[in-house]
Amino acid sequence: MDANGSIADDAQLLAALDRHGVSYIEQPAPAGADELQQTVTAGLSVPVALDESVTTAVVLDDLLARGAATVVNIKPSRVGGLLAALECVEVAREHNATVFVGGMLETGIGRATAAALAATIASDPGVASLPTDLGPSDQYFATDITDAVVVDDDGQLVVPSGPGIGRVPHPDRLDECCVRRTTVGGR
């Protein structure tokens, strides 16, 4: 259940969720309300996940060390890209936290990046034991700058193949959405 920072003060709802054994409660306290997040987590038997609070590996390390969660939603675009996301995965591993990869409102580029991260850590059951919250990128964009990331007939996210993240922008689509061009280095 993703609370988006909105239920930390609702003791009755938190108790009901705890009693009914949801898989986890994601981000019950607002990002930045770290002590409140820690207090909520300590009062529940159901796992608590961090989402919006995860901005860097350093921040994540501090939150996990203080007991703010046992599950982490890592979004590559929010933490600074794939390398930064992998640093967050390593921090989660050090704290025995479970990881899943998110990125609901991403273009095909962002979704392919998140899918690449999810595929990379999927074989590590000590870290990744929850499904991603990723779906097809064409649900959010009428025209994407690249080919959409899709799901197969079984509803499984198809990890793009090819160099890098498996997706490249289409130049004509980039031209359509370009607001301003800047040339660097005289080229």
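Every read-out reported here was derived from the displayed coordinates using simple, explicitly stated rules and does not represent laboratory data. Note that the structure is predicted; figures quoted are calculated from it, not measured. Cβ placement follows ideal geometry from the backbone for every residue including glycine, while neighbour counts extend to all protein chains displayed.
For this structure, a couple of remarks:
- Residues 175, 154, sorted so that the one with the fewest Cβ neighbours within 10 Å comes first: 154, 175
- Taking every DSSP bridge with both residues inside the chain, close to 10 percent are antiparallel.
- Overall Cα dimensions of region 54-177 - principal axes, largest extent first, Å: 48, 31, 25
- Taking all Cα pairs closer than 8 Å and separated by 6 or more residues, the relative contact order of the chain comes to 13 percent.
- Full-extension gain in nm, residue 18 to residue 56, via 0.36 nm per residue minus C-alpha separation: 10.8 nm
- Were the residues from residue 39 through residue 129 laid out at 0.36 nm apart, the gain over their Cα-Cα distance would be 29.9 nm.
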